[in-house]
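S.K.: I'd like to ask you about the structure that follows.
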Amino acid sequence: GIKVRKDKTQLTVSVKRFVKKLENISDDEAQEILEEKNYVAALGICAQDPTGNGSSVSGGEVYSFQTPKRSSKMAELASELAQTPGQSVAPDHSECPEKTAKTPQTSSNFLWAEIAWKYNLILLSARQKAVLRSYMFLLLMLVFSLLLQSRKKEFVSTTPYRLRRRIAAPDPYLESESEYSASCSEEEDEEDQKEISTVLSGRKTPAKTKAASTPPPRNALVKKIKEDKMSNLVEEYFEAHSSSKVLTSDRTLQKLRKRRLNQQTLHDLLRKAPLAYAAEIKELNQQHESLFSKWMLQLHLGFNIVLYGLGSKRDLLEKFRTSVLQSSVHLVVNGYFPSITVRSILNSITEEVLEHIGTFRSPLDQLEFIIKRFKEDSSLELYVLIHNLDSQMLRGERSQQILAQLSSLPSIYIIASIDHINAPLMWDQAKLSLYNWLWYETTTFSPYVEETSYENSLLVQQSGSLALSSLMHVLRSLTLNARGIFRLLAQYQLDNKDNPSYPGLSFQDFYQQCREAFLVNSDLTLRAQLTEFRDHKLIRTKRGADGVEYLLIPVDDSTLTDFLEKEDEDV
Amino acid sequence: MSKGCFVFKPSPKKRRVSYRTVSDFGERKDDSEDTELRFVTCQSLWNQIKSETEQIQEDLNKQLFDNLVNFLRRSHSEFQEKTTEWTHRMKYREIPTAALVLGVNVTDHNLTFRSLSEVLQNNVTPYVALLEAKDCPGIKNLMQKLMGQLMNCCIDVDSLEDEDYVQVSQNRIRCSMTSLVNWYDNVTKKTDSETPRKKRTSSPRHWQSPPVVVIFKDMESFTTKVLQDFIVISSQHIRELPLVLIFGIATSPMIIHSLLPHSVSSLLCIELFQSLSCKEHLSTIIDKLILTAQFPFKLGEKVLQVLINIFLYHDFSVQNFIKGFQLCIVEHFYSQPLSVLCCQLVDAKKRVNSLSHDQCENIRRLPSFRRYVESQISEKQIALLTADSFLKETIQKLLEDLYVYHENYLSVLRCLHVFTSSLPKYPLGKQIRELHCACLENRVWETEEYESSLQLARMLNKSDLVTMLQQCVEIFVSSSGKEFDETVEKLKEFLTQFQKLEEAFQERDVSVSSQKELQKKTDLYHLQKTLLELKESRRSKKLTKFEMLRFEVVDYIDSLVRNYLVPADHKTLHEIIYFNTASVLREHLNAAPRIALHTALNNPYSYLKNQALKSDGGSISNKAPDVCIAYKLHLECGRLINLVDWLEAFSTVVMAADKPNADEASSDQVDDIIHARFIRAVSELELLGFIKPSKQKTDHVARLTWGGC
């Protein structure tokens, strides 16, 4: 452990010195290198899992743990994506001439950098002393192979495919104007090294590495490496979460000159934007629609159907409803609706389908009643379409249990859609067997228009409008003086919006200001007023370090600005 | 909108009386006919299989239930006789308890409990209550549930005489043990007084004072407090109420002691019952459903493998296995128009005659049938391809062949299993299902495992060999195949030869005596010489009679295997009765939603077949759908993502993609549109669970998945 860490820091200070040191080691134990070859071969094979097509993706490939990354990565990737229209994103000599021009280093510098980078990666994964040695030799093999390649002027690398795919631009100093607020500087040097990475590996490499690494792996070795890989993941996870500081730029949306969009303009704008690949999406949908009769059949045979895959499945289900279910009783549940509950589902079954008048003490009683009714009357049939079974409101254990029990009734047919990546986690074996799902992949690529249209699901620009309207609503019911008091506080808060350590307005100062504006005549009236604000959650108080009470409006600045503007209009 | 649920009711006259499932079956153009017949066949087949599985389940549980019933009888026999011994014993307030270890396949338990309570109600006591942990978060709910169930079930027995009593029950009566005891007294007294009349009406299957059985379905998931309270309380009343508890346990009996402290568990008098393990259950199911000629429908190798893998690696649930089997049947009959012939041979022959021309064409299109045609002489080929009537005759013959093949296959398979299941290390698998899969997959005699198992079989000792041969003879005799008379003869002959060997055993002793001579010689040189000679002779020596016979037996078995264990897909017309599309099964039963999402986001080309999206490796082009681009960009970030940076990166990419269309004049509007598209993409990613809003920093979102890729 400790030794490795030392080595790592050394390495980041001076790459070349370290490599020399490694060469010394190699003199001593050169004969073992051949044995270690296997590791290289096995590594190559291990890392070459094809990620592209669905069925063959291994779990680790899909979402492995996070490695600390620089925040400018995204911009780099973006520029790269922009530069290579319609083609591969992989960096390429011929297609990115300006990149190679920007880097002043010679090719041998590149070589060392790559060695260092690879060593870094290997070291990251080999924290344990025992494993270290074998990785040393792995590195040596890489060094030799790279030297060989550089002579041949041909860039065939034995880098694992996955590692090579970490795209990075060669210019870490080309920085955007953003300033960084937090930093984990000791990690950063290392990151820089990584940046100067894979430009070397040319376009031909994927095919060549595949050919090069065909020797059959020994099972034991592969196993060992897999174990290592596992422990790497664990290490990487804790590395990513070890420091509470996260390095991101401080820019906020407010500094953008663009104003926030509200729901309506957003809709209008999106309507203007043409839907990409409409023809292909239509074709996909048609494929799914051909399954309708099969779904009906399977529903009737006691299965329930769950749809998954990217894209809104709302239209598909709607089409299913209109084309097949027109002549039977059915219930549509919009799971994405923010205030949906199981109770409301059960209520609509009892009240509207079963036409029962009366209330129930608990959902369980209600469920029992429904089960009884459906068992008694075999002519009753009900189709239940649930959009987003995995929504916030329905994903709870109890609601799922109730829905599962509903679905297990032979004359209730459920067809549902799920979208969240972790949706299957809400079902244990017992619920799964109640649901008796048949899974259908219906990737539609259609935009989630309805599902994301509710306020709380649109995190970005929307958060203001509801808060604003409620603010206006509450304030309109208050006296003129009270509104003045609130205005004062809002104004003060806006004046201080550039001060990141603004604690709020202290009560004494506030009282002073209010008095000057003839809004209150004693601190008691002000306190009474503030209590009212607090009850409506318009303000928040907190005690500072000196025991003074500070007042804050828990609304973001832009909303506050909007509010003041609106108020000015009113007055 | 203020509602999330909408009920749609068709107008009454439009409402169909009952939905006709058949119409779903044939909405595809290519098989307009026979759909009804196919559906009916499918349904009847499934119903047969279903009742068969239920029968199997019942048979398997019989032993267990018998034991349980006996236990219940014993546990309160003293109570009935109202002897002093009972009170003596109950001084310790022990509640008789049966711990029922059922195994981890929780999903199958429901069925077991249902049939258990049925058995109990029929044979022992009308008072059975089934409790589940999810209904009993507190002792109050438990009591409520318990009393509700008990008082309902007593209505069944006492018929409708005391309806007023029913109305009082449940909610009105305070849920306490005392009221339960009172109720029990009432009920038993009533039956006591009514006995003379009742004797005639109701069978004497219940005793005078039947015990009250409380079943805890899932003991592990009950709150300990609830369980403890219930046990302590009821132990106070055990003298008045003959209570028996049954714990359903999924893990191990130790759980009782870890859930309940000693003071509580000492109130129980526990007896352990073990149910059949789910693996044995599965073996029986496979034996009765798949390795039988009773059902015309067969599973292909891959499909069977998928089903078994789901069982072994996911849930151990026999229920799910049967569900998968059902799906196979439905899928087969739905997708294969020729499955109309997948029925008993007699019916199939009839149906062949009434096949339409289209169906004949379907048959001609079958790969296995084409192979068959190619192997025929040219005149016959023409006849097969042009004349429907000739084709039908041939089909009838082929179907019969297939039928015979199955019967023979099964017997030989069992016979081979007798041999392979006793070999060390089980090169061909321990279970017959493994052997079955191996045989279906390809020619089993070409595999290495078969080779090695033959080698091992050549080293079996005599007594084993004889018992195996006897078993084989039994199998062949009991099998319905007609071709095995000869085989049985042959095997019996082997047996008699072994018998003779035994008699000839003394003769062999003589040859050993020659070796004994050499021990007398003391000369070293001579000794060496004779030893060498002996070694030489042994090497060249002919095998003993026993060894020769053993070779013969193994060779004979080998010839049987080569004759009869041909993989099914080498047989003509196997498509009609074998279901082999494992991918469908895997997709529907064992889906991987995360991988589907990942693929769609990473490589949209695999869904949207547009050349602009085509790319190599794991990368995507900048023309990809917005959500893919946003996803790709967010992968480059750490735990927190700055929205402004993200937006900027996004618009860079999108602008580059749109470059040709961008006008200077409308750039502002374009900007807005991109902005809106970004919002949409981000909120879609939030819905999919990749990010969530974060309060750590303004205008940041937190990432919920880990880097990679």
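S.K.: So which residues in the stretch B:552-592 are open to solvent by 20 Å² or more (accessible area, probe 1.4 Å) and within 14 Å of chain A (Cβ to nearest Cβ)?
M.R.: Answer for the stretch B:552-592, where residues must be open to solvent by 20 Å² or more (accessible area, probe 1.4 Å) and within 14 Å of chain A (Cβ to nearest Cβ): B:581, B:583, B:584, B:586, B:587, B:589, B:590, B:591, B:592.
S.K.: State all residues of the stretch B:309-330 that are open to solvent by less than 10 Å² (accessible area, probe 1.4 Å), in a helix (DSSP H, G or I) and not aromatic (Phe, Trp, Tyr); if no residue qualifies, say none.
M.R.: Correct list: B:318, B:324, B:327, B:328, B:329, B:330.
S.K.: Another question about this same structure. Quick check, is residue B:412 assigned to a helix (DSSP H, G or I) and touching a residue at least 40 places away in the same chain (Cβ under 8 Å)?
M.R.: So residue B:412 fits the description; yes.
S.K.: Among the helices (runs of 4 or more DSSP H) confined wholly to the stretch B:134-247, which include 3 or more residues that are at pLDDT 80 or above?
M.R.: Fully inside the stretch B:134-247 and qualifying: B:139-158, B:177-201, B:224-236.
S.K.: Within the stretch B:113-133, restricting attention to residues that are outside any helix (DSSP H, G or I), aliphatic (A, V, I, L, M) and at pLDDT 85 or above, which residue is farthest from residue A:430 (Cα to Cα)?
M.R.: Residue satisfying both the conditions and the ranking: B:128.
S.K.: Please find, among A:307, A:297, A:291, the residue that is more than 9 Å from chain B (Cβ to nearest Cβ) and either open to solvent by less than 10 Å² (accessible area, probe 1.4 Å) or of a type in the set (Phe, Trp, Tyr) (or both).
M.R.: A:307
S.K.: May I ask you to list the residues in the stretch A:481-505 that are modelled with pLDDT of 85 or more and either exposed (fewer than 10 other Cβ atoms within 10 Å of the Cβ) or among the charged types (D, E, K, R) (or both)?
M.R.: Listed by number, the residues that qualify are A:483, A:487, A:495.
This table checks each residue for (1) closer than 27 Å to residue B:132 by Cα; (2) open to solvent by less than 50 Å² (accessible area, probe 1.4 Å); (3) part of a helix (DSSP H, G or I); (4) out of contact with any Gly (no Cβ under 8 Å at 6 or more places or on another chain).
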| site | (1), (2), (3), (4) |
| --- | --- |
| A:339 | no, no, no, no |
| A:344 | yes, yes, yes, no |
| A:349 | yes, yes, yes, yes |
| A:357 | no, no, no, yes |
| A:360 | yes, yes, no, yes |
| A:367 | yes, yes, yes, yes |
| A:375 | yes, no, yes, yes |
| A:380 | no, yes, no, yes |
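S.K.: With the checklist (1) surrounded by 20 or more Cβ atoms within 10 Å (Cβ to Cβ); (2) touching a Leu at 6+ places or on another chain (Cβ under 8 Å) in hand, flag the one item residue A:433 doesn't pass.
M.R.: Here residue A:433 clears every test but (2).
S.K.: Something else: For residue A:341, which of the numbered conditions (1) within 11 Å of another protein chain (Cβ to nearest Cβ); (2) modelled with pLDDT of 90 or more fails to hold?
M.R.: (2)
S.K.: For residue A:365, all conditions in the list (1) at the interface with chain B (Cβ under 9 Å from one of its Cβ atoms); (2) closer than 26 Å to residue B:3 by Cα; (3) of a type in the set (D, E, K, R) hold save one; what is the number of the exception?
M.R.: (1)
S.K.: Could you list, in sequence order, all residues of the stretch A:382-401 that are among the charged types (D, E, K, R) and either without any contact (Cβ under 8 Å) to a residue 40 or more places away in the chain or in a loop (DSSP other than H, G, I, E, B) (or both)?
M.R.: Across the stretch A:382-401, the qualifying residues are A:390, A:395, A:397.
S.K.: Somewhere in the stretch A:456-472, is a residue modelled with pLDDT of 80 or more, buried (at least 17 other Cβ atoms within 10 Å of the Cβ) and within 13 Å of another protein chain (Cβ to nearest Cβ)?
M.R.: No - not one qualifying residue is present in the stretch A:456-472.
S.K.: Do any helices (runs of 4 or more DSSP H) entirely within the stretch B:616-709 hold 2 or more residues that are more than 26 Å from residue A:390 (Cα to Cα), at pLDDT 85 or above and open to solvent by less than 20 Å² (accessible area, probe 1.4 Å), and if so, which?
M.R.: Helices (runs of 4 or more DSSP H) meeting the threshold: B:643-658.
S.K.: Scanning the stretch A:251-274 for residues that are at pLDDT 75 or above and more than 9 Å from chain B (Cβ to nearest Cβ), which turns out surrounded by the most Cβ atoms within 10 Å (Cβ to Cβ)?
M.R.: Ranking the qualifying residues of the stretch A:251-274, first place goes to A:271.
S.K.: Find the residue count for the stretch B:588-615, including only residues that are modelled with pLDDT of 80 or more and in a helix (DSSP H, G or I).
M.R.: 15
S.K.: Residue check: is residue B:433 open to solvent by 50 Å² or more (accessible area, probe 1.4 Å), over 24 Å from residue B:353 (Cα atoms) and of a type outside the set (A, V, I, L, M)?
M.R.: In short, no.
S.K.: On the basis of being crowded, with 22+ Cβ neighbours inside 10 Å, aliphatic (A, V, I, L, M) and either in contact with an Asp or Glu (Cβ under 7 Å, 6 or more places away or on another chain) or more than 9 Å from chain A (Cβ to nearest Cβ) (or both), does residue B:596 make the cut?
M.R.: yes
S.K.: Given (1) modelled with pLDDT under 90; (2) of a type in the set (Val, Ile, Thr); (3) closer than 30 Å to residue B:606 by Cα, where does residue A:386 come up short, assuming only one miss?
M.R.: Of (1) modelled with pLDDT under 90; (2) of a type in the set (Val, Ile, Thr); (3) closer than 30 Å to residue B:606 by Cα, only one is false for residue A:386: (1).
One line per residue, one yes/no per condition, for (1) within 20 Å of residue A:345 (Cβ to Cβ); (2) at pLDDT 90 or above; (3) at the interface with chain B (Cβ under 10 Å from one of its Cβ atoms):
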residue	(1), (2), (3)
A:395	yes, no, no
A:398	yes, no, yes
A:401	yes, yes, yes
A:419	yes, yes, yes
A:443	no, yes, yes
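The values are calculated or read from the model by the stated rules, or taken from the named source; none is laboratory data. Please read all numbers here as calculations on a predicted model, not as lab measurements. For neighbour counting, all protein chains shown are included, and Cβ atoms are generated from backbone atoms with ideal geometry for every residue, glycine included. Side chains included, ligands, DNA and RNA excluded: accessible areas come from the protein's heavy atoms. Shrake-Rupley method; radii C 1.70, N 1.55, O 1.52, S 1.80 Å.
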